[in-house]
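Undergrad: I'd like to ask you about the structure that follows.
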Amino acid sequence: MKKTVLIWLAIGLVSFVLLPWHMTEDGLYDATWMTDGVAATGLFSILAGQWWLAPAGLAILAAIVIQLAIDEPVKRARLTLGTAVAGLAFIALQGLIIVRAGPRIFETLFVSEAVMAGQPGMGAGAGICALALLFAATISLSQSDKGQGDAFVVSTIGLIVALVAIFVFFPVIHILVRAFEVDGGYSLTEFFPRFFSSDIWDLSCLISNRSCGVGINSLFLAVMTGAGTTLLGLSFALIFTRTDFRAKKLLRVLTVLPIITPPFVIGLALILLFGRTGTITEYFADLLGWEATRWLYGFWGIYFAQLLSFTPIAFLVLIGVVQGVSPSMEEASQTLDANRWQTFRFVSLPLMRPGLANAFLLGFIESLADFGNPLVLGSGYSVLSTDIYFAIVGAVADPAKAAILAIALLTLTLTAFMAQRMWLGKKSYATITGKADSGQNASLNPILKWACYCTALPWAAFTLVVYSMIIFGSFVKLWGINHGFTFDHYIRAFGIDFSTGRFSGVAWDSYFTTLTISSIAAPLTALVGLSTAYLLVRQKFWGKDAFEFSTMLSFAIPGTVIGVSYIMAFNFPPIELTGTSIILIIVFVFRNMPVGVRGGIAAMSQLDKSLDEASITLGANSFTTVRRVILPLMGPAVLAALTYSFVRAITSVSAVIFLVSAKHNMATSFIVGRVENGEFGLAIAYSAALIITMLAAILLLQLLVGVRRLRRSDRVQQIAKTA
Amino acid sequence: MTKKTGSVRFESVVKKYGEVTALKKLDLSIDPGKLVTLLGPSGCGKTTTLRLIAGLEMATEGKIYIGGEDVTHLTATYRKVSMVFQSYALFPHMTVRENVAYGLTVKSAPKAEAAQKADEGLELVGLAGFGDRLPSELSGGQQQRVAVARAIVLEPEVLLLDEPLSNLDAKLRRHVREEIRQIQQSLGLTAVYVTHDQEEAMAVSDDIIVMNNAEIAQIGTPNDLYEAPSSAFIADFIGDANLVPCDVDALDGAIARARVNGQKLSVPSNGIRKGAAQMVLRPQALTLQKPDQPGLEGQISYAAYLGKEMQYTVETLVGSLFVIGPVQAQPFLRGDSVSVGIIEDQARLVSA
Ligand SMILES: Nc1ncnc2c1ncn2[C@@H]1O[C@H](COP(=O)(O)OP(=O)(O)O)[C@@H](O)[C@H]1O
Ligand SMILES: [Mg+2]
């Protein structure tokens, strides 16, 4: 252990002396400084007068001296811990105080030349020094009790906590700071009138013709969407598990679609069907002489688009819940002479109640966070997520208003998230353990069955139509005006000029950027997500509940809020990332991490804990156990986490749209741009191409997972069975 | 394999899981080379005790010594203790040989040496030649023996077994427990064995630690526990026993004069004091006679023929008694009035 600490400290020292402390003009990972010979390394900067960098270097030196000089292990560990933490605190403080531009949080406390002159954002040198000090601290922490703690576990926890703090909490705090900002300072009293302003919470639509506040709009939409998706999801789930309906495979397909559909595509398809020049609108206009209206561009349009987008999620949740109702309970009820309706009403439904609440809250949060559909459909009905966007990019940029709206949205989603945690808490994982009861679920009584059919099946048909529109619309010259068949949109987007070998299509740039960034983000997401899951399922440590809460938190932070907070936090030193591709990768990792965590938790709960314990008692440490026992048995889960985060990175738009730059544009924001210009054909063709890309990725994964499952998990199951 | 074995000592060990106290101030000491069983009803803290020895749980209070060394704060990785899990916990993605060699390879032993030692281990448990199979290609009993081999190739100071036989069928159980006992004795290992089956405990142990309600109820050899139970709980838990209230009137050396329902008896005193007590009457310490004979009056409420013996339940004034009798040409039948005789030197006294 002493050796590991020393290695980390040495790495820290070397980077302090040799690597540029600050970000160079050309970016974080630029290598020209080596040839220049006068790199602004940490040491060099101190000599050049930036005395405030000295504590970091001194802390590393002091820690090395402590490691070498002190023999008594506990004392050594404690002193190193203290030194390393002090070093980290100094690095953070100087970064926050001495800032070149942007909000200077401590400006009012220290006014000095250095503070006003400022410094650029932190670079490779600062990053590696901080990392070295962090690991020196965590390893020492694991040694600082009387016995041998587990350095690997403590270090992983430390790293994840640090990352979540920097990339989730730090930006969100920036929004708060912005919301309290007034001209030349901060004011508590200004905040409340702003937050409770009638722009947000006005209820006058209930009593008059005026429209409600944007917060009330969002809330109303979310409640409706939550209720609607839960009802539809339940119908689908009941049909799927409790009837002999033939086309169950088809229903399954419907559950995959939203995962691979960029969020605004449904809205687009609805425009093609019901917009002013939509097929169905025109048909009825001709037939009945109705005037084509813009009804779609308001509440109902967004509502339908959200129902289409989020019902499959409710279905996925509820199918587990419905299956989780043990058949033996229903059989017991029937042997007690209850009929099928009574069994459903008094046994099955109450057992499903927590699951229904869960599905509702999920739909509620998804609706609040939805950005794509309101963006393309919402000109007549404003909601928080898009208003935040317009406050930033609109004609009059008003970051303070964006911050207030973001806090309003965050308040709503966090409340729902807390409610979900408090009522349903941990129950949700435990029920889906794949424990097979023998016995049969009661089939539905006929009335209920037909009620389900009548809600769900038209809906399924509608979904199919919507998706056909996406394919069909991409081959049509000008929707609603000229329905001639054409490849033009594809050629414009993905054309290749074979004479010069150039990719001449307009979409190629963003397409390649998207693929590259998603492929880098996916493994990182899987790594962070699965490590977190491992810690949560397999390790006991102080503060675990808070740890779990904070890692799940980014699920409840809408993409728009993340986007705003990232441009507010990372546009300035100490961490200056806007305009780089790194910020896109980071935003994907922390947006999608909860999905990786959930997947990892599910997979890990199916591995018998005694496997790890056997490995530990045989003398392996946690790292070896993870490497040799857990990872090989989690193969499928790892691959699933990989594709899922890959696909989510491709389809996400809300956070991305704030963070793209001319140099690093992403497919989704490119498409949204086309939609805003009215180039629907191109937008739809590009969306179709994205969907095909993701389908290919998923199929590839299924193939890989399929092969592995035959060999690995079968054995796991057999062992489990004999056990 | 060399002999390298350690003692285990707990000093006032307390284990709490949040509010739940799983162990209340446990003191125990296990000598090197002994097989000691932790026996008790479900939830009494046996597994917890075992996991504390393994280092899979950390004591809330108190100290733990293995081989004389204080290991209280050492985690499982660093304790020289191996464990056989109830579910075997064989790694399903490794062959039998890789499983057995695992503990050696994580300590970076050379591959060839590890494989050779693994094969020796497999031979010891009678599975030579099974090294290349996967665990799923073995029967339950064979998997069990792989788990034992995997634990003993590390030459642990202490071998821990948590209900190792509970997943085997009744016939195999007897066979495997004899094998485990034999391997333990031939290697001179210190072993701690958890079971809730008192017959299994009696069959394999040098000493038995009976636990109840997160505490040790009694420690002793199987014979001690059966012959001199320290409490009604032990008497009831170890073997079948009828517990009958009695009064101890006088003590006369090793003999106590006691009264059961007015009937005067002279029974071994078992360290009892004067006053109200309970008498432990094993089923074979009771005889059934015609109603005119001296004894406790009663009526048979249940009679069953079990081939080698008869089992009766007799309702008497001191409660219902479970009696085992010889198979007779003319057995007692349900409803018969009988007199229950007590064989005095087989009765035991415990405090009320
Ligand atoms: N991880 C745990 N968390 C909370 N309580 C536990 C845990 N493990 C065991 N217990 C409790 O401690 C007591 C003893 O458990 P255990 O040692 O497993 O009993 P057994 O004798 O059946 O092996 C039980 O009451 C059990 O509920
Ligand atoms: Mg147990």
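The values are calculated or read from the model by the stated rules, or taken from the named source; none is laboratory data. Fair warning: this is a prediction, and the values are worked out from it, not measured in the lab. Virtual Cβ from ideal backbone geometry, glycine too; neighbours counted across all protein chains shown.
Undergrad: Tally the residues that are modelled with pLDDT under 90 and at the interface with chain A (Cβ under 8 Å from one of its Cβ atoms), restricting the search to segment B:92-105.
TA: 2
Undergrad: Okay, moving on. Can you spot a residue in segment A:466-477 that is in a helix (DSSP H, G or I) and touching a Phe, Trp or Tyr at 6+ places or on another chain (Cβ under 9 Å)? Talk me through it step by step, then tell me what you get.
TA: Filtering segment A:466-477 down to residues in a helix (DSSP H, G or I) leaves A:466-473.
Now restrict to residues that are touching a Phe, Trp or Tyr at 6+ places or on another chain (Cβ under 9 Å): A:473.
There is at least one residue in segment A:466-477 that is in a helix (DSSP H, G or I) and touching a Phe, Trp or Tyr at 6+ places or on another chain (Cβ under 9 Å).
Undergrad: Please go through segment B:193-202 and pick out each residue that is in contact with a Lys or Arg (Cβ under 9 Å, 6 or more places away or on another chain) and not hydroxyl-bearing (S, T, Y).
TA: The answer is B:V194, B:H196, B:D197, B:E200.
Undergrad: Would you tally the residues in segment B:186-199 being in contact (Cβ under 8 Å) with a residue 40 or more places away in the chain and part of a helix (DSSP H, G or I)?
TA: 2
Residue-wise test of (1) within 13 Å of A:Y490 (Cβ to Cβ); (2) buried (at least 21 other Cβ atoms within 10 Å of the Cβ); (3) of a type outside the set (V, I, T).
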{"residue": "A:A655", "(1), (2), (3)": "no, yes, yes"}
{"residue": "A:L659", "(1), (2), (3)": "no, yes, yes"}
{"residue": "A:A662", "(1), (2), (3)": "no, no, yes"}
{"residue": "A:I671", "(1), (2), (3)": "no, yes, no"}
{"residue": "A:L682", "(1), (2), (3)": "yes, yes, yes"}
{"residue": "A:Y686", "(1), (2), (3)": "yes, yes, yes"}
{"residue": "A:L690", "(1), (2), (3)": "yes, yes, yes"}
{"residue": "A:A696", "(1), (2), (3)": "no, no, yes"}
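Undergrad: Just one of B:R51, B:R79, B:R97 is within 16 Å of ligand 1 (Cβ to nearest atom), crowded, with 19+ Cβ neighbours inside 10 Å, within 16 Å of A:S615 (Cα to Cα) and basic (K, R); which is it?
TA: B:R51
Undergrad: On to the next question. Would you call B:V204 at pLDDT 95 or above and of a type in the set (V, I, T)?
TA: Numbers: at pLDDT 95 or above: no; of a type in the set (V, I, T): yes.
It is false that B:V204 is at pLDDT 95 or above and of a type in the set (V, I, T).
Undergrad: Quick one: how many residues across segment B:54-63 are touching a residue at least 40 places away in the same chain (Cβ under 8 Å) and within 13 Å of ligand 1 (Cβ to nearest atom)?
TA: In the first step, residues of segment B:54-63 are kept if they are touching a residue at least 40 places away in the same chain (Cβ under 8 Å); the result is B:54, B:57, B:59-63.
Then keep just the ones that are within 13 Å of ligand 1 (Cβ to nearest atom); that gives B:54, B:57, B:60.
Going through segment B:54-63 one residue at a time, the tally reaches 3.
Undergrad: Just checking, which of A:L296, A:L251, A:L272, A:L316 is in a helix (DSSP H, G or I) and at pLDDT 80 or above? Spell out how you get there, then give the answer.
TA: Values: A:L296 fails: in a helix (DSSP H, G or I); A:L251 fails: at pLDDT 80 or above; A:L316 fails: at pLDDT 80 or above.
After ruling out the rest, the residue left standing is A:L272.
Residue-wise test of (1) surrounded by fewer than 23 Cβ atoms within 10 Å (Cβ to Cβ); (2) away from chain A (no Cβ under 14 Å).
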position	(1), (2)
B:T37	no, yes
B:T47	yes, no
B:L74	yes, no
B:K107	yes, no
B:E113	yes, yes
B:E120	yes, yes
B:D132	yes, yes
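Undergrad: B:E11 fails exactly one of the following numbered conditions: (1) on the phi > 0 side of the Ramachandran plot; (2) more than 14 Å from ligand 2 (Cβ to nearest atom). What is the number of that condition?
TA: With respect to (1) on the phi > 0 side of the Ramachandran plot; (2) more than 14 Å from ligand 2 (Cβ to nearest atom), B:E11 is out only on (1).
Undergrad: If B:L56 satisfies every condition in (1) part of a loop (DSSP other than H, G, I, E, B); (2) away from ligand 2 (no atom under 16 Å from the Cβ) but one, which is the exception?
TA: Unmet condition: (2).
Undergrad: Being within 18 Å of A:S622 (Cβ to Cβ) and within 11 Å of another protein chain (Cβ to nearest Cβ): is that true of B:S87 here?
TA: Details: within 18 Å of A:S622 (Cβ to Cβ): no; within 11 Å of another protein chain (Cβ to nearest Cβ): yes.
Judged against the criteria, B:S87 is not a match.
Undergrad: Also: Under the condition of being charged (D, E, K, R) and assigned to a helix (DSSP H, G or I), which residue from segment A:338-373 is surrounded by the most Cβ atoms within 10 Å (Cβ to Cβ)?
TA: If we filter segment A:338-373 for residues that are charged (D, E, K, R), which is where we start, we get A:340, A:345, A:353, A:366, A:370.
Filter once more, keeping what is assigned to a helix (DSSP H, G or I): A:340, A:345, A:353, A:366.
On the way: A:R340: 20, A:R345: 14, A:R353: 12, A:E366: 22.
The extreme case among them is A:E366.
Undergrad: Scanning segment B:144-193 for residues that are surrounded by fewer than 24 Cβ atoms within 10 Å (Cβ to Cβ) and hydroxyl-bearing (S, T, Y), which turns out farthest from A:E613 (Cα to Cα)?
TA: B:S186
Undergrad: Need a quick list: helices (runs of 4 or more DSSP H) entirely within segment A:43-140 having at least 3 residues that are touching a helix residue (DSSP H, G or I) at 6+ places or on another chain (Cβ under 9 Å) and modelled with pLDDT under 90. Before the answer, list the steps.
TA: Details: elements: A:54-69, A:73-97, A:113-117.
Per the criteria, A:54-69, A:73-97.
Undergrad: Here is a follow-up. What residue, among those in segment B:24-53 that are under 18 Å from the mean Cα position of the chain (by Cα), of a type in the set (K, R) and not in a loop (DSSP other than H, G, I, E, B), is nearest to ligand 2 (Cβ to nearest atom)?
TA: B:K46
Undergrad: Same structure, new question: Please find, within segment B:136-163, the residue that is nearest to ligand 1 (Cβ to nearest atom) out of those that are in a loop (DSSP other than H, G, I, E, B) and either touching a residue at least 40 places away in the same chain (Cβ under 8 Å) or more than 11 Å from every other protein chain (Cβ to nearest Cβ) (or both). Can you show your working first?
TA: First, the residues of segment B:136-163 that are in a loop (DSSP other than H, G, I, E, B): B:138-139, B:153-157, B:163.
With either touching a residue at least 40 places away in the same chain (Cβ under 8 Å) or more than 11 Å from every other protein chain (Cβ to nearest Cβ) (or both) added as a condition, the list becomes B:138, B:153-157, B:163.
Working: B:L138: 26, B:V153: 26, B:L154: 24, B:E155: 27, B:P156: 21, B:E157: 22, B:E163: 8 Å.
Selected residue: B:E163.
Undergrad: Moving on to the next point. Taking B:G33 and the conditions (1) closer than 30 Å to B:V176 by Cα; (2) within 13 Å of ligand 1 (Cβ to nearest atom), which numbered condition does it fall short on, given that it satisfies the others?
TA: That leaves (2) as the condition not met.
Undergrad: Kindly provide the set of residues from segment B:59-72 that are more than 9 Å from chain A (Cβ to nearest Cβ) and outside any strand (DSSP E or B), ordered by number.
TA: If we filter segment B:59-72 for residues that are more than 9 Å from chain A (Cβ to nearest Cβ), which is where we start, we get B:59-70.
Selection gives B:A59, B:T60, B:G67, B:G68.
Undergrad: If you don't mind, there's one more thing I want to ask. The conditions are (1) within 25 Å of A:S519 (Cα to Cα); (2) surrounded by 22 or more Cβ atoms within 10 Å (Cβ to Cβ); (3) within 12 Å of another protein chain (Cβ to nearest Cβ), and A:P632 fails exactly one of them. Which is it?
TA: In the conditions (1) within 25 Å of A:S519 (Cα to Cα); (2) surrounded by 22 or more Cβ atoms within 10 Å (Cβ to Cβ); (3) within 12 Å of another protein chain (Cβ to nearest Cβ), A:P632 misses (2) alone.
Undergrad: For B:Q86, state whether it is assigned by TED's automatic domain parsing to the domain that holds B:E69 and assigned to a helix (DSSP H, G or I).
TA: Working: assigned by TED's automatic domain parsing to the domain that holds B:E69: yes; assigned to a helix (DSSP H, G or I): no.
No: the conditions fail for B:Q86.
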